[in-house]
Each structure stands twice: as structure tokens, then as C-alpha cells.
Amino acid sequence: MQSKSSLLRRLGTLTGLLLVPVVLLAAVLLAVGQDAKASSHREAPLISKDPFADNTDTYVFVSPNDTNRLALVASWIPFEGPEGGPNYFEWDDRVLYDIYLDVNGDAREDITYTLSSRTVIKNPNTFLYNVGPVDALNDTDLNRSQYITVTETFREGFQPGGGTSRVLVGNQIAPPVHIGTKSTPDYNALEQAGIHKYTDPGNGDMVDIFAGQSDDPFFVDLQVFDLLTLRGQGSPIGYTKENNIPVDSLSGFNVHSLVIEVPISRVMRNSDPVVGVWSGSRRQAIDIANPGNPGPYVQVSRLGMPLVNEVVLPMGLKDVFNSIPPSVDLTVYGLLQKSVEDPEVGNLLCGLYSVPLPGDGATPDCSTNHTPGTPRSGRGDIFDIFLQGMVLENPFTITLKNGNPMGLPKGFNVNRPASVTPAEMIRINTAISGDLCAPAPHRLGILGGDACGFPNGRRLTDDVVEIELLAVAGAAYEVLDDRDPSFTFTGGLIGVLTDGIDANDKPFRSTFPYLAQAHSGQSHLHTNPILGIFVPMIQNAMSRIQGAGVAATAGVPVALLLVTIPALWWTRRREK
């Protein structure tokens with residue numbers, strides 16, 4: 001365990017972090033009308049019609065097992081129903097799936113990880129995805145196989161040695177989808193066979209790669225779209241009829257994910273530990289006049305900081321945002337400034353619930369004053385969080401691994417690159433890890449005093465919905481901006497307005513590839529609200545029974561009883 005003085009010296013070399021008060025703000029901020037969409041994975045009109053190219057989430061965090069390594073996670077294809085056969089979900093052979101890194105703050109991709117795929121059908125005369133149990137990736141019973149290639153490309157001058165492009169995974173069979181115990185009897189083995197390791201012949205760097213189906217790691221109750229309903233709360237915020245129990249709207253669904261883990265030294269430049277990350281997808285253009293001659297690949301989806309396109313940007317800008325790279329953000333900032341520095345969600349919160357906003361002026365009108373054409377003249381805190389990284393305007397305190405507090409001074413750099421071009425992406429200070437983290441990961445990340453969580457990168461367990469909503473309500477304003485001394489964050493909303501979903505429906509893994517395993521069609525249950533509460537409890541009890549060496553069948557009568565009683569009660573209640 002490091003001493004306090006050694007930790008202070010270490011902090012002096014970092015580019016910092018932020019702590020704001022630990023509060024829970026209204027999930028009411030999640031959505032109002034069509035312009036405010038929570039992370040339902042359908043963030044823009046055009047991409048919602050092209051789900052196989054639709055980015056769902058991007059994550060970046062220091063490995064919990066090795067502080068010298070960085071994990072990158074990106075997911076696509078929202079709402080994959082596990083039973084979606086016989087044409088199961090898969091990578092689209094006509095799409096390139098990318099993870100981008102900006103390692104010097106200039107808003108340009110310096111390192112790109114790209115996945116491409118090709119599909120091979122062994123027997124076109126059957127409708128079956130597999131004609132028997134699949135025991136290996138090259139099993140002849142797997143009728144429809146996908147071969148994936150993952151490349152690593154460096155911008156000229158950024159490669160660690162040798163050429164600018166490397167093939168990390170070359171034309172290898174991807175794990176099939178998780179069907180059930182007849183078709184995929186040992187899915188663990190299939191999934192593990194889909195994990196690849198690449199060793200750079202030039203410097204010995206080890207890169208881990210996984211590409212395949214996984215559980216959707218995001219969690220939120222999307223029923224907030226029903227006129228701002230927050231299930232679990234009393235009337236008028238919650239329901240008075242039918243189900244008023246919060247439900248994870250993404251529970252039981254899968255996505256396709258690309259996970260890369262690399263040495264931090266491979267992606268750092270000039271001793272600056274801040275790395276920017278976003279992901280995207282490119283679809284090949286079609287020449288209508290000459291359809292046999294396909295055009296170049298064009299970006300159709302982009303996702304860095306969660307909820308930006310869904311909630312911050314208005315409907316008229318969503319498709320445009322998906323088509324441009326971060327390097328263009330500042331040049332078109334005149335179109336984005338109102339949405340960033342006077343966010344609509346804040347306007348709605350103020351108008352509906354009389355929550356004060358920073359910079360609302362002497363005559364409040366539920367709008368933050370800003371100067372068009374002058375970046376960061378309005379909500380400087382939002383500008384910093386989403387576009388350039390954060391520096392503390394006032395002191396705050398973090399919690400160390402040993403449980404002790406440590407104060408950070410005004411001027412402490414959170415995660416702003418030494419030379420930054422403002423652009424939207426996730427930024428992580430890779431030097432904040434180990435003893436600088438909280439004793440256990442806090443779901444509110446930095447807002448909960450945990451230096452290693454969002455918005456310093458993004459871990460799978462970070463409750464980004466509530467964290468970002470807190471920021472919109474001004475919870476970070478006094479820490480990052482504070483030009484309006486009359487503003488005070490409204491703490492009276494703490495614990496009252498929330499979507500009630502604080503964790504994923506399946507536990508994440510502590511080792512690579514970290515994501516929870518994909519749901520199988522066999523185990524996926526279409527539950528009503530009451531079953532949705534009891535089924536996880538039953539499954540947990542069953543696993544404990546089996547772990548104790550008791551035959552699985554011994555727990556079945558009890559499990560059926562626990563399911564049947566609430567199901568009958570709920571059915572009778574609805575019939576009244």
C-alpha cells in the first residue's frame with residue numbers, strides 16, 4: 001500500500017480527475033417528446049432503420065487485473081432477441097466496425113481497430129443454422145459460419161515500429177450465437193475459442209481480441225418515454241395502473257461486441273496519459289448508375305460519450321452527427337452550441353420542475369445564456385465533460401483504495417489532453433488506476449468518489465444515465481465552471497427521481513472479455529413484471545443448490561412454486 005505522500009506525488013504527475021457531490025437525479029431527464037431519447041440504441045432516425053450498423057455503446061477502462069493495460073469495448077446491433085432463428089443475428093459482411101483512438105488530443109484517429117466479416121454457408125439446401133450439436137468453431141454441423149478479420153491501423157508516425165497496419169485476427173471463425181443446450185451444448189468452450197491473442201513481432205506487445213455475441217451491458221428503464229413515467233415512484237410520477245415496478249428494458253437482449261485489450265504503452269504518446277476513444281461503423285456506398293461497382297465505405301454511425309446523440313442533439317442534427325468524424329465537430333460547432341451549452345433536457349427540467357439552471361440570468365427563463373459563435377460561453381461544465389476534458393475550478397475530494405479521502409486542488413487536470421482540439425469522445429486518464437481507485441467500483445463513478453469511473457473513461461458498471469443527468473442538472477457546475485456564483489445545485493431531488501435500474505441484469509466478468517455471456521434462446525424468459533423480479537432470485541438459488549452438490553432437479557419444485565404463485569396472483573389482479 002502506498003503512503004499518502006507517495007500518492008500525492010503520483011497525483012502531481014497525472015492529468016487528473018473530478019469529484020462532484022454524490023446525488024441521484026431525475027430519470028425524468030431521460031426523455032421528453034421525440035427530441036430527448038435515452039440510450040435505447042436507436043439514437044438517430046436513419047441508423048434506427050439499419051440495426052446491423054447501429055452502434056449501441058462504447059467503453060474504455062484500465063484493466064482491473066493489470067494497470068498497464070487498457071480495455072476497449074464497442075457494441076453494435078441493438079435488441080438481439082436470443083431466440084432470433086433460424087436467421088440468427090451476426091456481423092454484417094457489408095459493414096466495417098471500428099474503434100478509434102486519439103492519442104494526442106487533435107481530434108483525429110491515430111489508431112483504428114477494424115472488424116470485417118465474410119459468411120460461408122456449407123449447405124444451402126437446408127434452412128437450418130446448424131444441422132447438429134456444434135462442439136467446435138470448425139464443426140461441420142455449423143452450417144452458417146462467419147470468418148472475421150480484425151486489423152490495427154496507425155496513422156503515419158504513430159506506429160510503434162514497422163508498418164502502419166497489422167492483422168491481429170486473420171480470417172478466423174467467430175463463435176456462433178448462443179442457441180441452447182442442444183445446438184451449443186458447451187457455449188463456454190465456443191466463446192473461449194473465439195478469444196485471440198496477438199504478439200507484435202517488433203516489440204512483444206500482447207493484444208487480446210474478442211469479437212462475437214454478448215449480453216447487452218447497458219441498463220435503463222425505457223418506460224420513461226411514457227410521458228415521463230418513473231416506475232417505482234408514487235403518483236403522479238409513477239403509474240397507478242398495471243405495472244409500476246422498474247424494469248431493465250435491455251435485460252435478456254444481446255448485442256455483438258468487439259473487445260480489444262492493449263498495453264497502455266502502445267497507445268500513449270509524449271507521456272500524456274489521456275486517450276480519447278469512440279467507435280463507429282462504415283457501410284459501403286452503392287453507385288445507383290453502376291450497382292456492380294460499389295463505392296467507398298461511408299461512416300453511418302458514431303458513438304463516443306453515451307447519450308450525446310440520443311439526448312443532447314435535436315432531431316435535425318442526429319443523422320448529420322452520425323456521418324461526421326470528431327475532427328469536424330469544432331468547425332460545425334455553430335450548429336451544436338445551443339444543444340451543448342444550453343441543453344434542452346435542462347430547459348425541460350427547469351420548466352417542468354422549477355429546477356434552477358446555471359447562467360439563467362436575472363430574469364430566469366429556464367435557459368442558460370450563451371454567446372452564439374463563442375465556444376464555452378454558456379455551460380462550460382457540459383462543454384468540458386463532452387468536448388475537451390475537465391480541469392477543476394474548485395477543490396474536491398476522492399476516495400482512495402484504502403478508503404481514505406484525498407483532496408484535489410483547484411486547477412487539477414481531470415482528463416484534458418495537453419494540447420486539445422475540442423471534439424466529442426470519451427477521454428480517459430490512463431494513469432488513474434490501482435490505489436487511486438475507490439475500494440470497490442462505485443456505479444456513479446467519479447460522482448461517487450471513485451476516480452476510476454465515468455466520466456474518466458467508462459466502465460461496464462458505471463450508471464452513465466444518472467451520472468450524465470446529474471451533469472445536465474448542474475451537479476458539476478460549481479466544480480468545473482462556477483462563473484455564475486448565484487447557482488446552487490438542488491439537492492432536494494436526491495433519491496426521489498430515478499429510473500430505479502442501477503446494475504446490469506447479468507453480472508459482468510472480472511477477466512477478459514469482461515462482458516457477460518450472451519443469453520441463449522433456451523434461457524431467455526419473456527417475463528411479466530412479477531416474474532421479472534422472482535426469476536433472477538430463483539436462478540440464483542438454483543445455482544447455489546447446484547454449487548452445494550445437490551441435484552438440480554431437487555430445486556425444481558420449489559422454483560416452480562415460487563414462479564407459479566406470483567404469476568397466478570398477478571393474473572388474477574389484472575382480471576379484476
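Each row is one residue, and each column tells you yes or no for (1) in contact with a Ser or Thr (Cβ under 8 Å, 6 or more places away or on another chain); (2) at pLDDT below 95; (3) closer than 30 Å to D329 by Cα.
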{"site": "V131", "(1), (2), (3)": "no, no, no"}
{"site": "V134", "(1), (2), (3)": "yes, no, no"}
{"site": "T153", "(1), (2), (3)": "yes, no, yes"}
{"site": "A174", "(1), (2), (3)": "yes, no, no"}
{"site": "A211", "(1), (2), (3)": "yes, no, yes"}
{"site": "D215", "(1), (2), (3)": "no, no, no"}
Item to complete: For the range 300-307, state whether one or more residues are over 24 Å from Q213 (Cβ atoms), charged (D, E, K, R) and either crowded, with 20+ Cβ neighbours inside 10 Å or touching a residue at least 60 places away in the same chain (Cβ under 8 Å) (or both).
Response: no
Discussion item. Against the definition (in contact with a strand residue (DSSP E or B) (Cβ under 7 Å, 6 or more places away or on another chain), closer than 20 Å to A476 by Cα and not small (G, A, S)), how does L408 come out, yes or no?
Written reply: yes
Item to complete: Considering only the range 194-246, state which residues are farther than 30 Å from Q159 by Cβ, touching a Leu at 6+ places or on another chain (Cβ under 9 Å) and free of Cβ contacts under 8 Å to residues at least 60 places away in the same chain.
Response: Q223, G238
Worksheet item: With respect to S214, is the statement that it is under 23 Å from the mean Cα position of the chain (by Cα), crowded, with 23+ Cβ neighbours inside 10 Å and of a type in the set (S, T, Y) true?
Response: yes
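Just checking, does the range 121-142 include any residue being assigned to a strand (DSSP E or B), out of contact with any Leu (no Cβ under 6 Å at 6 or more places or on another chain) and under 25 Å from L460 (Cβ atoms)?
There is no residue in the range 121-142 that is assigned to a strand (DSSP E or B), out of contact with any Leu (no Cβ under 6 Å at 6 or more places or on another chain) and under 25 Å from L460 (Cβ atoms).
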Discussion item. Being at pLDDT 80 or above and farther than 19 Å from Q388 by Cβ narrows it down to one residue among D499, D484; which is it?
Written reply: D484
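Here is a yes/no grid of residues against (1) farther than 23 Å from L400 by Cα; (2) out of contact with any helix residue (DSSP H, G or I) (no Cβ under 6 Å at 6 or more places or on another chain); (3) surrounded by fewer than 22 Cβ atoms within 10 Å (Cβ to Cβ):
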| residue | (1), (2), (3) |
| --- | --- |
| V465 | yes, yes, no |
| L480 | no, no, no |
| D499 | yes, no, no |
| Y514 | yes, yes, no |
| A518 | yes, yes, no |
Item to complete: With the condition kept exactly as written, say whether any residue in the range 50-62 is at pLDDT 95 or above and over 30 Å from S145 (Cα atoms).
Response: yes
Worksheet item: Which pairs do you get when a residue that is more than 20 Å from R69 (Cβ to Cβ) and among the charged types (D, E, K, R), found in the range 445-457, comes within reach of a residue that is modelled with pLDDT of 90 or more and not in a loop (DSSP other than H, G, I, E, B), reach meaning Cβ atoms under 8 angstrom, with the pair 6+ apart or on two chains?
Response: none
Practice prompt. Identify the single condition in (1) within 16 Å of D329 (Cβ to Cβ); (2) touching a residue at least 60 places away in the same chain (Cβ under 8 Å); (3) touching a Pro at 6+ places or on another chain (Cβ under 6 Å) that L387 does not satisfy, given that it satisfies every other one.
Written response: (2)
Fill in: Among the residues listed as T461, T488, T498, the single one being under 30 Å from L525 (Cβ atoms), in the same structural domain as Q388 (by TED's automatic domain parsing) and either not polar (S, T, N, Q) or not in a helix (DSSP H, G or I) (or both)
T461
Worksheet item: Inside the range 37-118, counting only strands (runs of 3 or more DSSP E) that do not spill past its ends, which hold 1 or more residues that are basic (K, R)?
Response: 69-80
Discussion item. Quick check on my filter: what residues within the range 138-150 are touching a residue at least 12 places away in the same chain (Cβ under 8 Å) and surrounded by fewer than 17 Cβ atoms within 10 Å (Cβ to Cβ)?
Written reply: N138, T140, T149
Fill in: Members of the range 362-391 that are touching a strand residue (DSSP E or B) at 6+ places or on another chain (Cβ under 6 Å) and surrounded by fewer than 20 Cβ atoms within 10 Å (Cβ to Cβ)
V391
Worksheet entry | Matching residues in the range 316-363 - criterion: being part of a loop (DSSP other than H, G, I, E, B) and either closer than 19 Å to A476 by Cβ or in contact (Cβ under 8 Å) with a residue 24 or more places away in the chain (or both) | I324, P325, D342, P343, V355, P356, L357, P358, G359, D360
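Any idea how many residues of the range 391-436 are in a loop (DSSP other than H, G, I, E, B), of a type in the set (A, V, I, L, M) and more than 28 Å from P326 (Cβ to Cβ)?
Within the range 391-436, residues that are in a loop (DSSP other than H, G, I, E, B), of a type in the set (A, V, I, L, M) and more than 28 Å from P326 (Cβ to Cβ) number 1.
Out of curiosity, is R459 among the charged types (D, E, K, R), touching a helix residue (DSSP H, G or I) at 6+ places or on another chain (Cβ under 8 Å) and surrounded by 24 or more Cβ atoms within 10 Å (Cβ to Cβ)?
yes
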Discussion item. Let me confirm something: among N125, N68, which residue is surrounded by fewer than 24 Cβ atoms within 10 Å (Cβ to Cβ) and without any contact (Cβ under 8 Å) to a residue 60 or more places away in the chain?
Written reply: N125
Worksheet, complete the sentence: The condition of being without any contact (Cβ under 8 Å) to a residue 12 or more places away in the chain and farther than 16 Å from V308 by Cβ holds, among T421, T397, T371, only for T371
Discussion item. Checking the condition surrounded by fewer than 23 Cβ atoms within 10 Å (Cβ to Cβ), in the same structural domain as G276 (by TED's automatic domain parsing), within 25 Å of L72 (Cβ to Cβ) and modelled with pLDDT of 95 or more, which residue from R416, R427 passes?
Written reply: R416
Worksheet entry | Residues (within 25 Å of the chain's Cα centre (by Cα) and either assigned to a loop (DSSP other than H, G, I, E, B) or not assigned by TED's automatic domain parsing to the domain that holds T149 (or both)) located in the range 180-198 | G194
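The values are calculated or read from the model by the stated rules, or taken from the named source; none is laboratory data. Just so we're clear, the structure is a prediction, and the values are computed from it rather than from any experiment. All Cβ positions, glycine included, derive from the backbone under ideal geometry; neighbour counts span all protein chains shown.
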